[in-house]
1. Which is farthest toward the positive dipole end of the chain among Leu137, Leu185, Ile548, measuring Cα position about the Cα centre, with Cβ charges +1 (Lys, Arg) and -1 (Asp, Glu)?
2. With the convex hull built on the Cα atoms of the range 1-61, state its orientation-averaged projected area in nm².
3. Kirkwood hydrodynamic radius, computed over distinct alpha-carbon pairs, for the range 419-578: how many Å, to one decimal?
4. Just going by the charge dipole of the chain, with Lys and Arg at +1 and Asp and Glu at -1 on Cβ, which of His281, Val227, Ala259 is farthest out on the positive end?
5. Can you tell me the orientation of helix 99-108 relative to the chain, as the angle in degrees between its alpha-carbon axis and the longest Cα principal axis, to the nearest 10?
6. Which log10 I(q)/I(0) values does the range 513-578 give at q = 0.16, 0.21 Å⁻¹ under the Debye formula, counting every alpha carbon as one identical point scatterer?
7. Which FRET efficiency value, to the nearest 0.05, is calculated for Arg207 and Asp381 with the Förster distance at 35 angstrom and r the Cβ-Cβ distance?
8. Please work out the Cα center distance from the range 446-488 to the range 1-46, rounded to the nearest Å.
Amino acid sequence: MSPVFPTVREVLALVPVRHGAPRLVAGDAGLDRPVRWVHVAEVPDIATLLGGGELVLTTGIGLPADDAGLRAFIGDLADVGVSGLVVELGRRYVGGVPRVMAAAAERRGLPLVELRRATPFVRVTEAVHALIVDAQLTELRATEEIHQRFTELSVEGAEPAEVLRQAAELAGCPVVLENLSRQVLAYDPAGESAELLLDGWEQHSRRIRPAGRTAYDPDSGWLVTTVGARGQDWGRLLLRWPATEAAPPTRFTILIERAASTLALGRLIRRDAEGLERQIHRTLLTALIDHSRPVDEVALRAKALGVTLDRRHLVGVVVRHRGDDPAAPGADTGPEAGPARLRDLAEAVGQAVREAKLTALTSAVDDHAVGALLALPDPADEERALAAFAAALHRVRLDATPVRPARPVDGAGRGGPAGGGRSGDGPVRPAVVVAAGSGVGSLREARRSLVEARQIAEAARRDPRDLPCFRLPHVGLAGLLHLLRDEPRLQTFVERELGALLAYDAQHPREQLLGTLRAYLEQGRNKSAAAVAAHLSRPAFYERLARIGRILDADLDSVDQCLSLHVALLALDAVRTP
């Protein structure tokens, strides 16, 4: 899609201009300037009447006769920002424009063109203005297409990859979606090399600092907008516009903002093909997690479904696959495979609840996990109920897939207490993770247990142990930070604590002060041991620590500040880990 206004180069290629045998005398560096309008002038003080972007046409009859006057005339035009000056020869200048005029235009980078044949200026203005109007009409049509296409994507609940593909197609430029920690969530290279586009992305992204929520950074050549909804931002959408060209057209700003809105809306939409009862279960679980309905209403509707939540000990449980893709060889990987797996898992969880003779709300809670809110008459039954549920789930599902063991197994080939599978398949590992939050005594606290269970399940996906049920003590601080890695508030904490140092390292890649800080904190603030670990002399290490303290405005001898920095480092590792 071409810019709204034609360039000086494009104007010179028009038939009425070519009829005048144009010759560029000076200012070839400015040939790609946009022409906003064409103005005919025969007086030397015309600059005061211009607003910038005009192509000035003149015969020169009213221009100053002295060299100083010509220099001032060219200087005034350049100062006001005209696109170029076209002089028709024959009336004032015969053989060519004065050398002093050409020299002044060359110094200011102002395109100066001679027309060596008589040319009706009205034909030039008509042709240029028609070009501008046509371009503006094209811009309006393009803007209408943008609105229509992204409206359709919003209604369809399109995935981020599809939204970015459409944006890249409309713009003809690479598009990248990142989170607040500068990690790439999705991208479309628009036919360019994805490797080159994403190489060293985090450091490159930290150098892109537009002024405003949606703005163009001319130094990097990226148009950027913030992505978020309901007052909470969770990422940035970036569109690369070649830095050698002018700022991107207005429609590109409209495009990137509509794409960002579609992404934010899509994050809020949850689609599923469940039965009515399962939909109500999901509505109630979602209401507890999102605080979207009063808990009294949730309790009333749950009781109507036969699930009593009042005066019960409540435990949030989340079950999810260890991987987001089907693990079995030859499994269906089509577009319906993910939802089908999730529905199968939801059915298995519901059946396990019934077999264990438990009462619970059960439903998918996101695209990969199924949740259950167990309602127990007696808090003392919590461990027994969780064990019974996990055992029933493993009986219901053939959820063990043969794998090569990552660690030795016993002589009988058993893969752990939660293992099990087909005879003769060899060592096995459960394909699902069962996680439980802390038990609570009221429905108002149920959200905490459900959210905790979901976070534990996410962290436990990469845990090599085959525990029947994961609880919070099993994941530790690093696991806790890992399961919170997509939380914008954690990413904001990392940026607040380490953003200045990460930005410094991005500007000085040879120093990498983050590694120095890591060595210092991992060695328990023992500077001598940290210097050895960092392979630096003690004076050099001390100097680096002092520089880190200045960059972060932090006292590295303070236990509290070092604790915050160490947690931020662990959180940074978590958000950088796939």
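1. Ile548
2. Working: hull surface 20.3 nm².
With the hull built on Cα positions only, its mean projection is 5.1 nm².
3. 18.3
4. His281
5. With both axes taken from Cα atoms, the answer is about 10 degrees.
6. Taken in order of the listed q values, log10 I(q)/I(0) reads -0.50, -0.83.
7. Numbers: r = 57 Å, r/R0 = 1.62.
Calculated transfer efficiency: 0.05.
8. 64
The values are calculated or read from the model by the stated rules, or taken from the named source; none is laboratory data. As the structure is a prediction and not an experimental result, all values here were calculated from the model. Positions of Cβ are generated from backbone atoms using ideal geometry, with glycine treated the same way; all protein chains shown enter the neighbour counts. Each accessible area value is taken on the protein alone, full model and side chains, heavy atoms only, with ligands, DNA and RNA left out. Shrake-Rupley method; radii C 1.70, N 1.55, O 1.52, S 1.80 Å.
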